[in-house]
Amino acid sequence: KPELNLTKTLAGAALLLAVISIVFVFAPRTITPSAFLDQGEPFFSDFTDPNVAMTLEVIEFDEETAAARPFKVTNQNGIWTIPSHHNYAADGEDRLAETAAGVMTINKDDFRSDNVSDHEVLGVIDPLDETAASLLGRGKRVTMRGENDVVLADIIIGSEIEGRDGFHFVRLPDQKRVYAAKVDVDISTKFEDW
């Protein structure tokens with residue numbers, strides 16, 4: 001009775017397929033939380049050439065005067081100047097390229113928080129944020145621009161992380177997510193360095 005054996009074989013195959021499907025559907029999976037999906041990626045993946053940077057602006061917050069202190073170096077018509085110091089002529093091309101190269105290498109090393117209430121303790125409150133109630137916990141905002149004032153990078157560098165040399169808490173100004181990141185760049189706002 002070959003027909004009976006064929007029927008039993010097909011029924012067995014169908015049962016086996018059903019069991020495999022059930023196991024596949026209900027098997028445990030490793031799910032990576034969305035907070036960790038971009039870990040290790042650069043903050044500014046489109047910013048790949050440090051020589052296109054034409055302007056560096058650094059805003060620090062002075063807690064004593066409760067005011068933001070801007071520092072800016074820019075190239076105007078081929079001449080490097082410091083607008084924040086009465087357009088003083090500067091020799092900033094090499095230093096700006098070094099700073100740009102350092103900013104380009106800042107990666108999202110470790111996710112730390114998505115909670116705005118953590119910004120003060122992590123030191124990543126935007127120094128330009130007039131709505132923030134606290135004068136404490138304000139970071140250093142670093143903005144780099146290219147031709148036609150196109151923003152290449154804009155980041156807030158916060159407190160240094162204890163026990164991790166060169167690591168700081170960082171975030172983008174328009175986002176609440178905070179990362180730990182290696183900041184291997186000297187972003188000087190000293191007039192004499194430029």
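The values are calculated or read from the model by the stated rules, or taken from the named source; none is laboratory data. Quick caveat: nothing in here was measured; it's all calculated off a predicted structure. Glycine also receives a Cβ, built like all others from the backbone with ideal geometry; neighbour counts cover every protein chain displayed. Keep in mind that these areas ignore ligands, DNA and RNA; they rest on the heavy atoms of the full protein, side chains included. Shrake-Rupley method; radii C 1.70, N 1.55, O 1.52, S 1.80 Å.
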Self-check item: Percentage relative contact order, the stretch 44-156, counting C-alpha pairs under 8 Å, at least six apart
Solution: 32
Practice problem: Using a 1.4 angstrom probe on heavy atoms only, work out the carbon and sulfur share of the accessible area of the stretch 35-152 in %. | Solution: 46
Quiz item: Local charge sum around ARG145 (other residues, Cβ-Cβ under 14 Å, Lys/Arg +1, Asp/Glu -1)?
Solution: -4
Quiz item: What accessible surface, in Å², does a 1.4 Å probe find on ASP110, ignoring ligands, DNA and RNA and rounding to the nearest 10?
Solution: 40
Quiz prompt | Residues of the stretch 97-159: accessible area per residue with a 1.4 Å probe, Å² | solution = 47
Exercise. At 7 Å along the Cα-to-beta-carbon direction for both ALA68 and THR131, put a label point, then send me their distance in nm to one decimal.
Key: 1.4
Practice problem: Pop out the ³J(HN,Hα) list for the stretch 138-143 in order, Karplus 6.51 cos²θ - 1.76 cosθ + 1.60 with θ = phi - 60°, rounded to Hz; leave Gly and Pro as x. | Solution: 8, x, 9, 8, 10, 10
